[in-house]
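One structure is given here, and the rest of the page talks about it.
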Protein chains: 2
Amino acid sequence: MAICCQSPFKHINFSSHANPNPNPTSRKFPFVCNFSLSKSQSVPLVAEPEPVLTSARAFAPATVANLGPGFDFLGCAVDGLGDFVSVTVDPTIHPGQLSISEISGPFSSKRLSKHPLHNCAGIGAVAAMKLLGIRSVGLSLSLEKGLPLGSGLGSSAASAAAAAVAVNAIFGGLLSPLDLVNAGLESESKVSGYHADNIAPAIMGGFVLIRSYEPLDLMKLEFPLEKDLFFVLVSPEFEAPTKKMRAALPAEIGMPHHVWNCSQAGALVAAVLRGDVEGLGRAMSSDKVVEPRRAPLIPGMEAVKRAAVEGGAFGCTISGAGPTAVAVTDSEEKGGEIGETMVEAFREGGGLKAVAVVKRLDRVGARVHLEKSSKLKNNGMGKQE
Amino acid sequence: MAICCQSPFKHINFSSHANPNPNPTSRKFPFVCNFSLSKSQSVPLVAEPEPVLTSARAFAPATVANLGPGFDFLGCAVDGLGDFVSVTVDPTIHPGQLSISEISGPFSSKRLSKHPLHNCAGIGAVAAMKLLGIRSVGLSLSLEKGLPLGSGLGSSAASAAAAAVAVNAIFGGLLSPLDLVNAGLESESKVSGYHADNIAPAIMGGFVLIRSYEPLDLMKLEFPLEKDLFFVLVSPEFEAPTKKMRAALPAEIGMPHHVWNCSQAGALVAAVLRGDVEGLGRAMSSDKVVEPRRAPLIPGMEAVKRAAVEGGAFGCTISGAGPTAVAVTDSEEKGGEIGETMVEAFREGGGLKAVAVVKRLDRVGARVHLEKSSKLKNNGMGKQE
């Protein structure tokens, strides 16, 4: 099914429109993005861009949100797990519209709609078309689900991120990473709430702190390049619906726990910036607000956490809203051993089958696979190779 | 009045006692201190140390605690404001006891007791003697108050820090900075509650994050040496008792404000570590939990904050429990202008007279003034010059 990209999305201002100050500071920007992933900036689109590629294939990584005391404002990307989206200029699609042609991959599911506005990839792609002002070109999209749904690994964000990035590539990459996060937020707000802690790292890679939404203000936290960080991700066969996990949250937090979690959030940020994997693990393990409410809803989670730490992990918590458990360590080999103990703890403590993988921090975020993308003949722009 | 140092303080374990692990990690330490101020470590004191100086004079700086969303876990030291304490080996004092001989200085007050256990300097000094196991030497102490009481600038912590450091210097500096923080905490717990967010930066300098109390775990956050940071401190003639300001705090915090303040705490820590004065100011200004309750209790504070930011400060909040307002900027000259607008705002908005000073970040913390200290003849240790 095709859908017009001119559906009524919330209007997104561009910084150069909203801030005529010739010497602007980030405090005055409607959008602020403190990161170094890309030098591209939001630009006012005065004319509809033309395609520079006939097709583009993009990948977006899995993400671990919350990280304990980073609840609802911190997430990071995980290498080697994620979704692929291919987008093609398609003359059979009505100009300005998008159609989902195929959903495949190991985690393809009947629960995934092909209606572009009921599918995360579709919503992300359409939002990107809207931001670019695409009216004259029709696109078709195919999604390869590499992530399971409802696993706590940012599956919906990965689809939206890959789709927005693929659409952007088709039209010469005019959208900034912040624009792409906004496109992905259109999708996230429909499936799991207006939270950027998965979509921002899915787009930008590494660790991203969500500083505010009005304006959207993202801080990329650089984990030092010379340091290694591995995530042990253990996913049990259990459904932990985001809505149920949100309902378990306390409405109010007592002052001592508030102060505690704030200090652990600060320590978590310091550990990331210093590349202190041990400190990161300790901070990640220290949540007294959210994890204590959610862990009992996932059979075996408390035993899994104990097993991870006893097995040598620096820390362990619930990934996103679960049910995946995430532990951190500084060696792939240790990660494998820790994963085995965690799988065993899910079996013994929760009666659940589980699968473990060990993955590095993804520092890049969503990217176009150019060898799988096709340049438009005589496109005249020459920006993409 | 003299007081025996063997009064029943809480027993303090030393890390090397409690952790026989030959390859310890900070997770397993009863005390953890991630900072680089001093290489000295806690040592098990097997014998009572002998004095290496006949007298020692120490300075400890003013401190700004809370910094908005850093409530109760973050503080920093401010250069050029603080208390001096001189400690002298005194044969007229009963061995193992301490006497306060004099209280002087611009902020000497009748409210300051000379009873060592009713005076912050006395409590800090006696706690340090206790940690060192001093039984055979009597000490006399004189305090020069350079900080006003109840100003929100860590006056009590500065007295305790200077006293503990002076006692430690007399006996060869055997106590680690973490021991000294513990000594100061004995005092803080008696006057303003068991909070280390003033005493830790007063001892260690710079920014210090209090990660936990059980065990006491402190993280020094290094503000980059090449960056300048100035505090504009504006103290009105108004009393804001810590107890009243504590009573104004909410008992519970709604989840949205909890998440907001946690994210701002993370952003604050990132800004400190990056030397991003503008980001630090924005984060400092962003507290939605404590400042909104306390600011209305200080006449003019809301107007002062507005005036500071409109005058070019990167951010402004209440220092400690107030009534001092603290703003940050990156230039001493700008700081002077901002201070004038803040003083004017206290007058117009609150009907209060106020005084402004502009001070740099103190990166050192409490220190001994060796030129004012006296070496013991033939002490045989030669550690102090």
Worksheet item: Hey, which aspartates and glutamates would be in cross-link range of B:LYS190, C-alpha to C-alpha under 12 Å, not counting anything within fewer than 8 residues on its own chain?
Response: none
Fill in: Greater than 27 Å apart at Cα, pairs in B:LYS145/B:LYS244; A:LYS288/B:LYS220; B:LYS305/B:LYS359; B:LYS110/B:LYS305
B:LYS110/B:LYS305
Worksheet entry | For region A:146-178 versus region A:275-308, the gap between their alpha-carbon centres in whole angstrom | 28
Fill in: Drop in accessible area of at least 50 Å² in the complex versus isolated chain, residues of region A:246-266, 1.4 Å probe
A:GLU252, A:ILE253, A:MET255, A:HIS258, A:VAL259, A:CYS262, A:SER263
Practice prompt. Take B:ASP90, A:ASP228 and sort them by solvent-accessible surface of the protein heavy atoms, 1.4 Å probe, largest at the top.
Written response: A:ASP228, B:ASP90
Worksheet entry | Peptide B:211-222 - average C-beta neighbours from other chains (10 Å radius) | 3
Discussion item. Before I look further, what does region A:150-243 give for accessible area per residue, probe 1.4 Å, in whole square angstrom?
Written reply: 25
Practice prompt. Set the Förster distance to 22 Å, then compute FRET efficiency between A:GLU348 and A:GLU239 from the Cβ-Cβ distance, nearest 0.05.
Written response: 0.60
Worksheet, complete the sentence: Cα-based Rg and Dmax for region A:92-158, in Å, come out at 12.5, 38
Item to complete: Return the tail of the calculated pair distribution for region A:230-360, meaning the percent of Cα-Cα pairs more than 20 Å apart.
Response: 43
Fill in: In region B:150-236, the chymotrypsin sites (Phe, Trp or Tyr not before Pro) that fall in loop regions by DSSP, at most 12 other Cβ within 10 Å
B:TYR194
Worksheet item: With a sphere of radius 12 Å drawn around the Cβ of A:VAL364, what net charge do the other residues whose Cβ falls strictly inside it have (Lys, Arg +1; Asp, Glu -1)?
Response: +2
Worksheet item: For B:SER109 and B:TYR194, what does the FRET efficiency come to when R0 = 22 Å and r is the distance between their Cβ atoms, rounded to the nearest 0.05?
Response: 0.35
Worksheet entry | Chain-alone versus full-assembly comparison, region B:55-92, residues with accessible loss of at least 20 Å² (1.4 Å probe) | B:PHE71, B:PHE73
Worksheet entry | Label geometry 7 Å along the beta-carbon vector: B:ARG360 inter-copy distances in nm | 4.2
Worksheet, complete the sentence: Distances in nm between the label point of A:HIS118 (7 Å along Cα→Cβ) and its equivalents in the other copies, shortest first, are 7.8
Worksheet item: Given a cut-off of 19 Å, what percent of all Cα-Cα pairs of region A:84-222 lie beyond it?
Response: 45
Fill in: Inter-site label distance for A:GLU50 and B:ASP79 at 7 Å from Cα along Cβ, in nm
6.0
Fill in: Heavy-atom accessible area order for A:LEU178, A:LEU112, largest first, 1.4 Å probe
A:LEU112, A:LEU178
Discussion item. What does the buried accessible surface come to for A and B, summed over both chains, with the probe at 1.4 Å? Round to 100 Å².
Written reply: 3600
Worksheet item: Carbon and sulfur atoms: what percent of the 1.4 Å accessible area of region B:226-376 do they account for?
Response: 51
Worksheet item: In terms of solvent-accessible area of protein heavy atoms at a 1.4 angstrom probe, what is the ranking of A:VAL355, A:VAL259, highest value first?
Response: A:VAL355, A:VAL259
Practice prompt. Provide an ascending nm list, one decimal, of label-point separations from A:THR54 to the equivalent residue in each further copy; define each label point as 7 Å from Cα along Cα→Cβ.
Written response: 9.6
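The values are calculated or read from the model by the stated rules, or taken from the named source; none is laboratory data. Predicted model only: the values in this text are computed from it and were never measured. Using ideal geometry, Cβ is built from the backbone for each residue, glycine included, and neighbour counts are taken over all protein chains shown. Areas reflect the complete protein model, heavy atoms only, side chains present, ligands, DNA and RNA absent. Shrake-Rupley method; radii C 1.70, N 1.55, O 1.52, S 1.80 Å.
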